[in-house]
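A short reminder: the numbers here are calculations on the coordinates, not readings from a lab. Every value quoted in this text rests on a predicted model; they were computed, and no experiment measured them. Counting neighbours? That spans all protein chains shown, and the Cβs are built from the backbone with ideal geometry, glycine included.
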Amino acid sequence: MPTCLRNWGKLIVALVLSLSTIASVTSADNSQFPFGCPVREGYVNVTGGKVWYEIVGDGEATPLIVLHGGPGFPHDYLEPIGALCRERPVVFYDQLGSGKSDHPNDTSLWNIDRFVKELSELRSALGLKRAHILGQSWGSILLTDYALTQPDGVVSLIFSNPLCSFPEWTRDAATYRKELPAATRDTLDRHEAAGYTQCPEYQGAVLEYYKRHVCRLAVWPDAVERAFAGANGEVYVTMQGPNEFTCTGNLKDWDQTARLKEIKSPALYMAGRFDETSPRATALCHNALPGSEMVIFEKSSHVPFFEEPEKYLKVVRDFLHRAEHRAAGR
């Protein structure tokens, strides 16, 4: 079992960055990136602290803002999406409490309304008046609530491995859990009943679920391992719960299915055949948002950008082009 999962549940303490002064936006150039694109990174002030951002690529094309999952995970595992930097700027950031951003010791900050406000503050600070936005996993929840504020300048929305209803997510998780081997289910049940969810034996059983529905690759990519190792357990447990299939946090009743019809921007829903969010649940989102598109990756679970990377990037790229053509024709 990977060390990152043995240590899951422990609060990851971020390195404190010593800055003599901090303006609303600070940045630095960094020319190293695996796709050969220029990189600019820095920090912006948001409600509750500072968040780190990284803009990969440049040029005049409409940027793509990427919202990572978790909550409490860093952006690292989404790095393959950076390949789009050859044709447009790709904006990554670590939400407050995760990755290179501040980790304030204040649980009142871990709620969806503050994260929606944070995204608005980031766009304003970076001058991203027009943008495509992609939200993955928990990032799709954030994207949904943000889109429902009717923000200006959003050219398109991509809901990757999405949720529109946490009760439906819980329903899928219960179904998937029943499909685990009997010995694995027994380990989960015994440890949860006793409250021993930090035990290595329990985490080993959790990993069996993750290997089926989070990442089906035989060897997990380094970026995925880094994301798990760098996760902030306090944020995750406060909003989600102890793991992906036990929802006890403040998001457990979140459901925006009935309001999706209010979203005006072109939208795409994408999920894996074996995803934590099932194709059934993804179709509920898609059908609730008139005019939206849906794609299922037949060989993937929750990280199709690793499991079927070429197809994933093509689907995203083609959708962005269609959305831009539609916007130009208005």
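A few comments on the model shown:
- For the chain, the extents of the C-alpha atoms along the principal axes are 55, 49, 35 Å, listed from largest to smallest.
- Span from the the stretch 260-316 Cα centroid across to the the stretch 101-134 one, whole angstrom: 23
- Based on alpha carbons, the Rg and Dmax found for the stretch 216-302 are 15.4, 41 Å.
- His325/Lys129 FRET efficiency (R0 22 Å; Cβ-Cβ; nearest 0.05): 0.65
- Projecting the Cα atoms of Ser265, Ser140, Leu207 onto the charge dipole of the chain, computed from C-beta unit charges around the Cα centre, puts Ser265 farthest toward the positive end.
- Bridgeable lysines around Lys252 (alpha carbons under 30 Å apart, same-chain partners fewer than 8 residues away excluded): Lys10, Lys50, Lys100, Lys117, Lys178, Lys211, Lys261, Lys264, Lys299.
- Neighbour counting of Cβ atoms within 10 Å sorts the residues Tyr312, Tyr77, fewest neighbours leading, into Tyr312, Tyr77.
- Globularity ratio of the stretch 90-161, using Cα Rg and 2.2 N^0.38 Å: 1.09
- Interatomic Cα distance distribution for the stretch 104-206, bins of 5 angstrom, percent: 2, 10, 15, 15, 13, 13, 11, 9, 7, 4, 1
- Stokes-Einstein diffusion coefficient of the stretch 271-330, Kirkwood radius over Cα pairs, 25 °C, 0.890 mPa s, in µm²/s: 197
- Counted by neighbouring Cβ atoms within 10 Å, the residues Leu163, Leu180, Leu84 run from fewest to most as Leu180, Leu84, Leu163.
- Among complete DSSP H helices in the chain, those whose alpha-carbon atoms stretch at least 15 Å along the helix's long axis and whose mean Kyte-Doolittle hydropathy reaches -0.5 are 112-126.
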